[in-house]
Amino acid sequence: MEERTNRRKQLTGVVSSDKMKKTIVVKVQRITRHQKYVKIMRSFRKFKAHDEKNEAKIGDRVIIEETRPISKDKCWRLLKILE
């Protein structure tokens, strides 16, 4: 029998809000280089993630993992708190 590998995406970011019940907002930073001007640019994206035990707080560095849609905006879940 073949073993299935985990193909779910994982992102690392910082919790920017924990005001909702069982939901956190994670801000993920991406660094890219501008094609023409070669300047390093930082872009941010916010993801809502499911936090079953409400254990993540604002400022925590976390790993989130892609999952099935939990609500209209939530399709990520908290995997691990790093700091």
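Just so it is clear, none of the values below were taken in a lab; they were calculated from the coordinates. Note that the structure is predicted; figures quoted are calculated from it, not measured. FYI the Cβ positions are ideal-geometry reconstructions off the backbone, even for glycines, and counts take in every protein chain you see.
Annotations
- A Förster radius of 22 Å, combined with the Cβ-Cβ distance separating Arg30 from Glu52, puts the computed FRET efficiency at roughly 0.25.
- Dipole axis of the stretch 10-81 (+1 Lys, Arg; -1 Asp, Glu on Cβ), positive-most option in Met41, Val26, Gln10: Met41
- With R₀ fixed at 30 Å, the C-beta to C-beta distance from Ile40 to Arg4 puts the FRET efficiency at about 0.20.
- Take the Kirkwood radius over Cα pairs of the stretch 10-81, plug it into Stokes-Einstein at 37 °C and 0.692 mPa s, and you get 257 µm²/s for translational diffusion.
- For the chain, the relative contact order is 30 percent, taking Cα pairs closer than 8 Å that sit 6 or more residues apart in sequence and dividing their mean separation by the residue count.
- Ordering of 53-60, 40-47 by packing is 53-60, 40-47, highest average first (other Cβ atoms within 10 Å, averaged per residue).
- The residues packed around Lys57, meaning those with a beta-carbon under 13 Å from its beta-carbon, carry a net charge of -2 if Lys and Arg are +1 and Asp and Glu are -1.
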